[in-house]
Amino acid sequence: MSNFKELKSYQTGDMVIHYWIDEKNIVGMSINPSKIDHETASRRINLNDEHTVKPLHDVFKVDFPACTLENLVQIKIVGDIHPTGFSGGTSMRNSASTEDLKFKNQNLSIAGEKHTITTELEDRRGISAFHYLCYWPNRPFIEVFTEIVNGSRSTISLEMVSSFSLGGISPFQQDEAIGKYNLHRFSSTWSAEGRHESLPIESLNLEKSWNGHGVRSLRFGQIGSMPVKHYFPFAALEDKQYEVFWGAQIAHPGSWQLEVYRKTDMLNMSGGLADREFGHWKKDLQPGSSLETPKAILSCCLGDIQNLTERMVRYQEFIHPPRPESEEDLPIIFNDWCTTWGYPSEKNILKLADRLENSEVKYLVMDDGWFNDRPGVQQGLGDWQISETIYPNGFANLCDTLREKGFTPGVWFELECCTEGSLMFDNTEHLIHRDGKVLQYGTRRFLDFRDPWVHEYLYEKVILMLKENKILYIKTDYNDSIGLGCDSPDSLGEGLREHLSAVQDFYRRMRLEIPELVVEICSSGGHRLEPSWMALSSMGGFSDSHEGLDIPIIAANTQMMIPARQNQVWAVLREEDSLSRLHYSLSATFFGRMCLSGDIHELNKPQMDTVKKAMKMYQDVKGAIREGFSRRYGTTLLSYTHPTGYQAIVRTNDKKDEAFVVVHSFRNSPSAVSVPLEAENWEIAGFYMEKHLSVSADKNALFISGLKDFNGLIVSLKSKNHV
């Protein structure tokens, strides 16, 4: 960035944070890997001599810049001039509101390990933008958010504000760098979460226009209250020549957006709340009032996409508040959903408890239906009255019996919704409205958490119920999205933001009232696997794929987006399952938290022995699940439901003295595979596999032979220097 002046730089771990300023007092920000920070290129200043541009330059005597500095805070205020470059409906970046924000000051404050760089910008009306960048020395991530303060004398209406804006990509390229950039995203849909996509920016039509006038923008995200229903709130840009990755993740429970933007040689990336064009969001700020954006997590590194995602996941581990003591040992879960299918009666639950007693299972969760008098799925949600017929000895007595058998009882709630058949369904004054009408998707309506009555109602129905029955595990499900928002004086999008903020306040209240409560976040499986929800939970349900061949693929995907210790993965065990199928299913749970379901009480002795061996192996390797990092190898997979080839995951603990390898073969699998190991001093400590398989370790690889289609196996490793 030779045509910009450096304002300040800061070193944190293996990253250098640069702040730049231009002659207009615009401030931008970039991040580089410190190892190659000195290799930044001297950029071309303008395009004046380009054959497509020179005629215009010669006639109009104006410069056509090759690179421009873009503000580290992007905002748009109603009434200000919209940006140019054919950006209407495509991008709200670089409006007059943004251009008017000029540098005022910057300072660094330190509180313990946390360093906060505060950059203050101000416009001529007195509107201030405070850009906060927080870093912890030797941590591989930074946290960024923005606060807008209305210091003017008039009410303003925000219609876009970024949590972060990262520019200057790539500082190692002199020009537009054709063919050298990729964009990485993780798409998500029901029962197919976290598919990694990597595309050249040219194929996304992000190539610079011939004279740098037309805006190139890719704005994407998710609208509604399921923040991971379309994409994970994550994006990364890659400079393939220098093997550098820049990544960003948004921590927000509602509508969000990320945007890759280009006018000149450099790529820019920003994100935060979904703006007015994309998410129907607008918010009024009275004089003296302020708005703080969701947090954004940023990182930059050399290597590959897995190096980057590991760094981002470390942030989630770092900021997580203290967990319940029971969680330190990563207990195994049994959930009755795929056993009783919505009818967890006393008889059904005790069958399971009798079979699981004295096993490694500690959490026994009663899923949907514990409140219903008859079998059924998601009937009458919202009243939360304990069934009077399916517990002949009382529900509290059943919970006591489970505790006597060594289990922590758990129950399922979908506490944010109500369905037909409940009294709450017709209690419309306390439900979400849009355009003055009760909002309903399918059979679901939504409680309005901005209403204090709702909090007190759920305090009685949820928190007191948990306390009275001494239940220390709650699975909170959420099975439809509010969509673009709900009624609010400001906008539908702001109504959604306010509502979801209040929802998360109730989750905090649950933990405050019951400190040892284990909270499992589920949203039709994995639709809430983002940092703000993960910070409120012990675990997240990885997917609603309960019995598919795709489970190990999806579970490996989600492990790249959330900590493994929070990645709850299902193994549904069936009476008709072969031992090979049991190995396949159970091996997938090693990508995170083992959760069993199905016909456990009907399994024969060889089948049950196979399950017990898996649970024993899980105990042996859970230290690396709790604290470690993963590397994925294998075949590039096209179909998830009909996969071919194989997949191998190497999970190593943080001390790098213990590891384990999870291998799954699919259709047309090779009979033998070699899995790379990052060190050369590993020895095999144990394995969980069928007899026709054989494994060996040699230098820096693990060899598996004898593979057939749809095998699953675990190999544990220890360093030869391990004491």
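Quick notes on this one:
- If you go through the stretch 680-692 and keep only what is of a type in the set (Asp, Glu) and in a loop (DSSP other than H, G, I, E, B), you end up with Glu680, Glu690.
- The listed residue being charged (D, E, K, R), in contact (Cβ under 8 Å) with a residue 24 or more places away in the chain and surrounded by fewer than 23 Cβ atoms within 10 Å (Cβ to Cβ), out of Lys437, Lys362: Lys362
- Filtered residue count, the stretch 1-10, keeping only those that are in a loop (DSSP other than H, G, I, E, B) and either among the β-branched types (Val, Ile, Thr) or in contact with a strand residue (DSSP E or B) (Cβ under 9 Å, 6 or more places away or on another chain) (or both): 3
- Selection from the stretch 174-206 of residues that are of a type in the set (Phe, Trp, Tyr) and either assigned to a loop (DSSP other than H, G, I, E, B) or on the phi > 0 side of the Ramachandran plot (or both): Trp190
- Just one of the listed residues (Gly525, Gly592) is closer than 18 Å to Val663 by Cβ and at pLDDT 95 or above, and it is Gly592.
- Residue-level analysis places Leu298 outside the set of residues that are over 26 Å from the mean Cα position of the chain (by Cα) and crowded, with 22+ Cβ neighbours inside 10 Å.
- Listed by first and then second residue, the pairs with beta-carbon distance under 6 Å, at least 6 apart or on different chains, first residue in the stretch 506-535 and farther than 22 Å from Arg450 by Cα and in the same structural domain as His455 (by TED's automatic domain parsing), second in a loop (DSSP other than H, G, I, E, B) and aromatic (Phe, Trp, Tyr), are Ser524/Trp190; Gly526/Phe542.
- Residue selected from the stretch 179-199 under the condition among the aliphatic types (A, V, I, L, M) and within 18 Å of Leu308 (Cβ to Cβ), by the criterion surrounded by the fewest Cβ atoms within 10 Å (Cβ to Cβ): Leu199
- Scanning the stretch 543-551 for any residue that is polar (S, T, N, Q), outside any loop (DSSP other than H, G, I, E, B) and either within 18 Å of Phe413 (Cα to Cα) or more than 14 Å from the chain's Cα centre (by Cα) (or both) turns up nothing.
- When Glu243, Glu259, Glu202 are screened for being modelled with pLDDT of 95 or more, crowded, with 18+ Cβ neighbours inside 10 Å, farther than 27 Å from Tyr507 by Cβ and acidic (Asp, Glu), only Glu259 passes.
- Consider the stretch 61-78 and keep the residues that are modelled with pLDDT of 95 or more and of a type in the set (S, T, N, Q). The one that is farthest from the chain's Cα centre (by Cα) is Asn71.
- Every condition in (1) surrounded by fewer than 18 Cβ atoms within 10 Å (Cβ to Cβ); (2) touching a residue at least 24 places away in the same chain (Cβ under 8 Å); (3) of a type outside the set (Val, Ile, Thr) holds for Phe395 except the one numbered (1).
- Within the option set Ser696, Ser671, Ser705, being out of contact with any strand residue (DSSP E or B) (no Cβ under 6 Å at 6 or more places or on another chain), among the small types (Gly, Ala, Ser) and at pLDDT 95 or above holds for one residue only, Ser671.
- Test: residue in the stretch 508-521 that is in a loop (DSSP other than H, G, I, E, B) and buried (at least 22 other Cβ atoms within 10 Å of the Cβ): no
- Beta carbons closer than 9 Å, at least 6 apart along the sequence or on distinct chains, pair a first residue in the stretch 66-79 that is basic (Lys, Arg) with a second that is modelled with pLDDT of 95 or more and in a strand (DSSP E or B) for Lys76/Leu158; Lys76/Glu159; Lys76/Met160; Lys76/Val161.
- One residue from Ser671, Ser585, Ser578 being buried (at least 22 other Cβ atoms within 10 Å of the Cβ) and either over 28 Å from Leu350 (Cβ atoms) or among the hydroxyl-bearing types (Ser, Thr, Tyr) (or both): Ser585
- Flag if Leu166 is part of a strand (DSSP E or B), in contact with a Pro (Cβ under 9 Å, 6 or more places away or on another chain) and among the hydrophobic types (A, V, I, L, M, F, W, C): no
- When the stretch 630-648 is filtered for residues that are of a type in the set (Ser, Thr, Tyr) and out of contact with any Asp or Glu (no Cβ under 7 Å at 6 or more places or on another chain), the ones remaining, listed by number, are Ser630, Tyr633, Thr635, Thr636, Ser639, Thr644, Tyr646.
- Counting only strands (runs of 3 or more DSSP E) that sit completely within the stretch 207-294, zero hold 2 or more residues that are over 22 Å from Pro33 (Cα atoms), of a type in the set (Asp, Glu) and without any contact (Cβ under 8 Å) to a residue 24 or more places away in the chain.
- Failed criterion for Lys347 (all others in (1) touching a Leu at 6+ places or on another chain (Cβ under 8 Å); (2) assigned by TED's automatic domain parsing to the domain that holds Gly380; (3) surrounded by fewer than 19 Cβ atoms within 10 Å (Cβ to Cβ) hold): (1)
The values are calculated or read from the model by the stated rules, or taken from the named source; none is laboratory data. It should be emphasised that the depicted structure is a prediction, and the values quoted were computed from it without experimental measurement. Counting neighbours? That spans all protein chains shown, and the Cβs are built from the backbone with ideal geometry, glycine included.
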